[in-house]
Amino acid sequence: MKRERSSALSPLARTIAADVAGIAKAAAMIRAGGLAAFPTETVYGLAGDATSDAAVARIFAAKARPSFNPLIAHVASLDAALEQGTFRTEALQLAKAFWPGPLTLVVPLAPGATVCSTARAGLDSVALRVPVHPVALALISAVRRPLAAPSANRSGRISPVTAAHVAADLGNSIDLILDGGQSAMGLESTVIACLEDGPRLLRPGAIARREIEAVLGHALTESAGPAALRSPGMLASHYAPRAKLRLEAKELESCEAGLDFGGVFGGRENVRDLSASRDLKEAAANLFAFLHELDALGPARIAVAPIPHEGLGEAINDRLARAAAPRGAS
Ligand code: AMP
Ligand code: MG
């Protein structure tokens, strides 16, 4: 249903079911240079033709994303990834272990690669991922080109895990949203660079560090230098709700809504518990959806209960720290 352009609050993008017809429509739109939001297992992505500088420029504009922050190119198979990037032993090992799935590998650009320079922010490396979500795979296959797809939110805002989140944030600047229900994992992919030296963790994400280290048989190298330079998406202020965040909170103050973990705040109307049973996977899946919900209540501040740093807790705490950081850095 197309809404009236006159209402400032009405999203304009058309939300359609992510069925065979919807996917075909989105694919045709992307092949013609347009943009469509689509579900993945991590968060909703904003897809454009990764081989087209013009289409990728539209993604940067729609998100108001700094052009120095390169995009992940999504492909349907390891074979398709090998056409774009050069995979040495450990990159291949990780790709075989975790694809399809929420792992992004940054590798040297392959000779003859088609992912455009704008998507790579001019770098001679390329970030590649094979997602596991059936709608994502079907869309990539239908477009028959790599899809540049950052999260479908304005740069610096909370990542979307439902079609409604996308419509509320980006509805005015994109044409089509494929609705495939809520994203199961709720956290962005883990980003690993496999460049001149050993694998480096650029961004913690939906696959925990220890799972990756178990496949490699050794610890991941820490990123040398400012993370912002190695992986420009690691800006201090990111994933920000409108409300301020107070981390490691032990109790709720009167002006606050609460993002709980394991029942610290007690059940109240303005509290969402990421996981009453302290399950980090459940907490990751709920993180962005609950931040969206609490933010919509309009509190001055959101208090966040302490969350363990092990396993997926590393990525959850990373996102919360960015959401709490002073604004303006992104
Ligand atoms: P996003 O699209 O915001 O989910 O994030 C993609 C992440 O991959 C960002 O942190 C980017 O900086 C990172 N990335 C993409 N391409 C490269 C690249 N060629 N080198 C280093 N980091 C990259
Ligand atoms: Mg993002």
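The values are calculated or read from the model by the stated rules, or taken from the named source; none is laboratory data. If you're wondering where the values come from, they're calculated on a predicted model, not measured in any experiment. So basically every Cβ, Gly included, is an ideal-geometry build from the backbone, and we count neighbours across all protein chains shown. Only protein heavy atoms, including side chains, enter the accessible area calculation; ligands, DNA and RNA are left aside. Shrake-Rupley method; radii C 1.70, N 1.55, O 1.52, S 1.80 Å.
Structure values in brief
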quantity: Enumeration of residues in the stretch 135-159 that are farther than 13 Å from residue 75 by Cβ and within 15 Å of ligand 2 (Cβ to nearest atom); calculated: 150, 151, 152, 153, 154, 155, 156, 157, 158, 159
quantity: Residues within the stretch 267-315 that are under 18 Å from residue 243 (Cβ atoms) and free of Cβ contacts under 8 Å to residues at least 24 places away in the same chain, tallied; calculated: 7
quantity: Test for residue 57: is it of a type outside the set (Phe, Trp, Tyr) and buried (at least 21 other Cβ atoms within 10 Å of the Cβ); calculated: no
quantity: Some residue of the stretch 77-84 being surrounded by fewer than 16 Cβ atoms within 10 Å (Cβ to Cβ), within 13 Å of ligand 1 (Cβ to nearest atom) and in a loop (DSSP other than H, G, I, E, B); calculated: no
quantity: Wholly enclosed strands (runs of 3 or more DSSP E) of the stretch 181-248 bearing at least 1 residues within 13 Å of ligand 1 (Cβ to nearest atom), modelled with pLDDT of 85 or more and not aliphatic (A, V, I, L, M); calculated: 190-193, 200-203
quantity: Search result, residues across the stretch 151-182 that are over 10 Å from residue 37 (Cα atoms) and of a type in the set (Ser, Thr, Tyr); calculated: 155, 159, 162, 173
quantity: Members of the stretch 103-128 found to be part of a loop (DSSP other than H, G, I, E, B) and not hydrophobic (A, V, I, L, M, F, W, C), listed by number; calculated: 111, 112, 114, 117, 118, 120, 122, 124
quantity: Cβ-Cβ under 8 Å pairs, at least 6 apart or on other chains, the stretch 132-147 side in contact (Cβ under 8 Å) with a residue 12 or more places away in the chain and under 22 Å from residue 70 (Cβ atoms), far side open to solvent by 40 Å² or more (accessible area, probe 1.4 Å) and outside any loop (DSSP other than H, G, I, E, B); calculated: 143/31; 145/31
quantity: Residue 111 free of Cβ contacts under 8 Å to residues at least 12 places away in the same chain and farther than 13 Å from residue 38 by Cα; calculated: yes
quantity: Count - residues of the stretch 107-134 that are closer than 23 Å to residue 61 by Cβ, within 16 Å of ligand 2 (Cβ to nearest atom) and out of contact with any Phe, Trp or Tyr (no Cβ under 6 Å at 6 or more places or on another chain); calculated: 3
quantity: Candidate set: the stretch 64-76, residues that are modelled with pLDDT of 95 or more and within 16 Å of ligand 1 (Cβ to nearest atom); chosen: the one farthest from the chain's Cα centre (by Cα); calculated: 75
quantity: Residue tally, condition small (Gly, Ala, Ser) and part of a helix (DSSP H, G or I), over the stretch 30-76; calculated: 5
quantity: Filtered residues of the stretch 76-102 (kept if among the β-branched types (Val, Ile, Thr) and touching a strand residue (DSSP E or B) at 6+ places or on another chain (Cβ under 6 Å)); calculated: 86
quantity: Hey, residue 90 of a type in the set (D, E, K, R), over 19 Å from residue 143 (Cβ atoms), surrounded by fewer than 19 Cβ atoms within 10 Å (Cβ to Cβ) and modelled with pLDDT of 95 or more or not; calculated: yes
quantity: Pick from the stretch 116-158, criterion within 17 Å of residue 53 (Cβ to Cβ) and small (Gly, Ala, Ser), ranking: nearest to ligand 1 (Cβ to nearest atom); calculated: 127
quantity: Residue count, the stretch 129-174 (criterion: open to solvent by 30 Å² or more (accessible area, probe 1.4 Å), at pLDDT 95 or above and assigned to a helix (DSSP H, G or I)); calculated: 7
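The rows are residues; the columns are (1) in contact (Cβ under 8 Å) with a residue 24 or more places away in the chain; (2) more than 16 Å from ligand 2 (Cβ to nearest atom); (3) touching a Phe, Trp or Tyr at 6+ places or on another chain (Cβ under 9 Å); (4) among the acidic types (Asp, Glu).
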| position | (1), (2), (3), (4) |
| --- | --- |
| 82 | yes, yes, no, no |
| 162 | yes, no, yes, no |
| 169 | no, no, no, yes |
| 174 | yes, no, no, no |
